[in-house]
1. Using the structure shown, decide if residue B:206 is in contact with a helix residue (DSSP H, G or I) (Cβ under 8 Å, 6 or more places away or on another chain), within 14 Å of chain A (Cβ to nearest Cβ) and at pLDDT 90 or above.
2. Kindly provide the set of residues from the range B:60-73 that are within 14 Å of chain A (Cβ to nearest Cβ) and more than 16 Å from residue B:26 (Cβ to Cβ), ordered by number.
3. In the range B:102-128, which residues are part of a helix (DSSP H, G or I), within 14 Å of chain A (Cβ to nearest Cβ) and closer than 14 Å to residue B:158 by Cβ?
4. If I ask for residues that are surrounded by fewer than 18 Cβ atoms within 10 Å (Cβ to Cβ) and either more than 13 Å from chain A (Cβ to nearest Cβ) or at pLDDT 90 or above (or both), which ones from the range B:146-161 would you list?
5. Scan the range A:86-111 and report the pairs whose first residue is on the phi > 0 side of the Ramachandran plot and whose second residue is assigned to a loop (DSSP other than H, G, I, E, B) and surrounded by fewer than 14 Cβ atoms within 10 Å (Cβ to Cβ), with Cβ atoms within less than 8 Å and a gap of 6+ or a chain change.
6. Can you tell me which residue in the range B:129-145 is nearest to residue B:201 (Cα to Cα), limited to those that are assigned to a loop (DSSP other than H, G, I, E, B) and within 12 Å of another protein chain (Cβ to nearest Cβ)?
7. I'd like the full set of residues that are part of a helix (DSSP H, G or I) and surrounded by fewer than 22 Cβ atoms within 10 Å (Cβ to Cβ), limited to the range A:140-150.
């Protein structure tokens with residue numbers, strides 16, 4: 001087998017290997033399924049409860065994507081504002097760090113009071129948790145333009161807007177796409193945190209329900225589906241990244257993220 | 001004939017958090033149109049400040065700078081610049097990197113969309129003169145350092161600037177490539193006839209290329225001496241191995257040694 005094919009297969013092999021070891025440990029040590037269900041038991045639960053799982057997975061997926069979409073729009077706009085001038089950058093940065101340090105779990109009850117139980121707190125939590133890396137990366141891309149390159153254009157009479165359009169924004173794209181991969185996985189965390197606290201649907205809600213009914217295989221089934229959604233979305237954004245900013249992987253400039 | 005570039009008694013102090021940095025002190029140099037001038041000096045002598053002053057990016061604290069009879073009061077728009085780092089945009093093909101200034105500077109800016117084909121032909125012709133025929137559609141990362149620096153030169157020259165400002169453009173290249181690029185620059189200058197200010201640490205480079213060499217002292221930068229280089233044009237690279245050439249380099253070297261101590 002060529003190393004190339006090996007490299008393509010290895011993620012699958014490793015995942016399969018992990019499940020195998022898990023299964024063997026559970027059987028060899030006769031682990032109580034209430035503590036840690038074996039993968040086989042989890043897959044049985046998945047097959048049995050496929051409809052509630054599918055329904056709730058879909059809710060989690062769309063709320064996550066809605067929150068993420070908000071984060072992308074807001075993150076890019078705020079990133080451009082922050083990256084535009086040093087004064088704004090210095091002024092807003094502490095505020096954003098402070099905001100980002102607040103555990104989002106603590107924000108959910110407030111959102112529930114404002115918007116009631118349901119999808120909106122989940123969307124907003126996903127948004128709140130995932131916009132920060134986008135802002136930071138966009139701002140970094142804009143604020144690290146090579147000063148000499150800026151001089152070349154300014155000497156020609158370029159305005160700040162010209163420099164942003166010709167250099168800043170294209171140059172920021174690798175930083176942006178790098179941050180999207182991080183942000184989408186964070187968005188799932190936000191959604192599920194909110195769903196476990198206050199929701200009528202979604203994987204987080206399902207896992208809490210299953211847990212209180214002592215259906216551990218179903219809880220783990222929820223976890224696995226969540227992980228799968230995260231991986232799929234990450235892969236999509238990784239693909240988009242190489243498609244749009246392939247140049248950044250070839251040249252010495254590397255993407256932030 | 002009056003000077004094309006006249007730097008007259010210029011003083012520049014940068015105000016920083018840790019006190020001012022006195023970059024240039026009563027510095028005066030003037031260039032005729034079409035002249036090739038080199039500015040040499042120990043590191044930190046304010047040579048880069050000179051670049052910013054002449055291109056109008058930074059105003060002097062005292063003194064004034066005139067280009068073609070007009071006092072510089074803002075970005076001069078008629079200057080091309082190239083630096084040690086080629087600073088090419090990695091998402092643009094070579095030709096689009098070269099065309100970048102035309103998207104900024106008037107009158108090309110407003111014509112650019114309409115006459116794109118003509119501009120592209122001009123850019124290709126310019127690339128051909130620096131030996132990059134057929135590289136227009138490549139990306140910068142596909143090019144060696146020396147080739148990237150040639151592209152950077154083309155970008156500095158595409159809008160036919162009357163003045164070319166070069167800040168140690170060949171410092172990061174290996175010795176052979178550097179000499180190759182000296183010849184590229186020499187030929188371009190001879191063909192097009194722009195005025196050049198070349199800031200460099202390399203005394204051989206200055207002696208080979210320049211009509212006159214201006215030496216600066218350590219910070220604050222003052223003019224220490226101006227040396228005429230008498231070799232006739234066009235200069236073949238072999239000039240570098242003549243005794244008279246070596247004498248000039250030695251003389252400059254000795255003087256720099258004094259300046260650095262003092």
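1. On the way: in contact with a helix residue (DSSP H, G or I) (Cβ under 8 Å, 6 or more places away or on another chain): yes; within 14 Å of chain A (Cβ to nearest Cβ): no; at pLDDT 90 or above: yes.
Criteria not met by residue B:206.
2. First pass over the range B:60-73, keeping only residues within 14 Å of chain A (Cβ to nearest Cβ): B:65, B:67, B:72-73.
Listed by number, the residues that qualify are B:67, B:72, B:73.
3. Initial filter on the range B:102-128 (part of a helix (DSSP H, G or I)): B:102-103, B:108-111, B:116-128.
Right, trim to within 14 Å of chain A (Cβ to nearest Cβ) and you get B:102-103, B:108-110.
Passing the criteria: B:102, B:103, B:108, B:109.
4. Initial filter on the range B:146-161 (surrounded by fewer than 18 Cβ atoms within 10 Å (Cβ to Cβ)): B:160.
Matches in the range B:146-161: none.
5. none
6. So, considering only residues that are assigned to a loop (DSSP other than H, G, I, E, B) and within 12 Å of another protein chain (Cβ to nearest Cβ), the one nearest to residue B:201 (Cα to Cα) is B:143.
7. Residues of the range A:140-150 part of a helix (DSSP H, G or I): A:140-143, A:147-150.
Once the filter is applied, which keeps residues that are part of a helix (DSSP H, G or I) and surrounded by fewer than 22 Cβ atoms within 10 Å (Cβ to Cβ), the range A:140-150 yields A:140, A:143, A:147, A:148, A:149, A:150.
Here is a yes/no grid of residues against (1) part of a loop (DSSP other than H, G, I, E, B); (2) on the phi > 0 side of the Ramachandran plot; (3) crowded, with 24+ Cβ neighbours inside 10 Å:
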| residue | (1), (2), (3) |
| --- | --- |
| A:138 | no, no, yes |
| A:158 | yes, no, yes |
| A:161 | no, no, no |
| A:171 | no, no, no |
| A:178 | no, no, no |
| A:181 | no, no, no |
| A:193 | no, no, no |
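The values are calculated or read from the model by the stated rules, or taken from the named source; none is laboratory data. All of these numbers come straight from a predicted model, not from anything done at the bench. Cβ sites come from the backbone with ideal geometry, for glycine too, and all protein chains shown count toward neighbours.
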